[in-house]
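The values are calculated or read from the model by the stated rules, or taken from the named source; none is laboratory data. For clarity, every value in this text was computed on a predicted model and none was experimentally measured. For neighbour counting, all protein chains shown are included, and Cβ atoms are generated from backbone atoms with ideal geometry for every residue, glycine included. When the accessible area is computed, the model is the full protein with side chains, heavy atoms only, and any ligands, DNA or RNA have been set aside. Shrake-Rupley method; radii C 1.70, N 1.55, O 1.52, S 1.80 Å.
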Amino acid sequence: AALGRMEVWAVDKPATVPSHACGSFLANSLVTLVEAQEGLPPRSLVACHRLDRLTSGLIVLAPAGPPAAWVRNRIEAAGACRKTYVAKVRGKFPASSVEAFDRWGMPESTVKSTGEKVGGIWW
């Protein structure tokens with residue numbers, strides 16, 4: 001992949017792999033693994049948005065600098081994108097909406113059940 005063109009990588013990030021190098025994950029982050037696979041120099045790609053280490057899902061990588069800033073601005077534009085988290089719940093999850101709170105007890109989001117049961121797990 002040549003970094004002279006505007007190229008982005010849309011990567012299906014598995015859970016347990018951090019998006020970028022941090023803490024004890026200096027060599028085995030998603031960004032460093034993609035750089036190695038694509039034959040790119042270290043620190044040539046950056047993640048254009050956050051996805052926590054224990055969360056799997058699509059993450060967009062772009063060349064560091066102005067290309068990444070351009071992609072990040074498009075992602076952050078009002079209404080351009082949104083994240084949806086899906087969780088497996090053992091047992092019966094309430095059919096109604098449940099308010100989720102952050103670690104300080106402040107309302108963070110509303111959790112809704114789809115009411116679908118797949119393989120003994122409620123979605």
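Couple of notes before you dig in:
- Residues being touching a strand residue (DSSP E or B) at 6+ places or on another chain (Cβ under 7 Å) and modelled with pLDDT of 90 or more - total across the range 36-51: 5
- Within the range 43-59, tally of residues that are in a loop (DSSP other than H, G, I, E, B) and touching a helix residue (DSSP H, G or I) at 6+ places or on another chain (Cβ under 9 Å): 5
- Within the option set A21, A47, A27, being farther than 27 Å from K88 by Cα and surrounded by 15 or more Cβ atoms within 10 Å (Cβ to Cβ) holds for one residue only, A21.
- Being over 10 Å from the mean Cα position of the chain (by Cα), over 26 Å from A87 (Cα atoms) and not charged (D, E, K, R) is a property that holds for V46.
- When restricted to residues that are more than 16 Å from S56 (Cα to Cα), touching a residue at least 24 places away in the same chain (Cβ under 8 Å) and in a loop (DSSP other than H, G, I, E, B), the range 10-42 contains 2.
- Test result for A62, within 18 Å of C22 (Cβ to Cβ), modelled with pLDDT of 85 or more and not in a loop (DSSP other than H, G, I, E, B): no
- Residues being of a type in the set (K, R) and either open to solvent by less than 40 Å² (accessible area, probe 1.4 Å) or within 24 Å of T32 (Cα to Cα) (or both) - total across the range 54-90: 3
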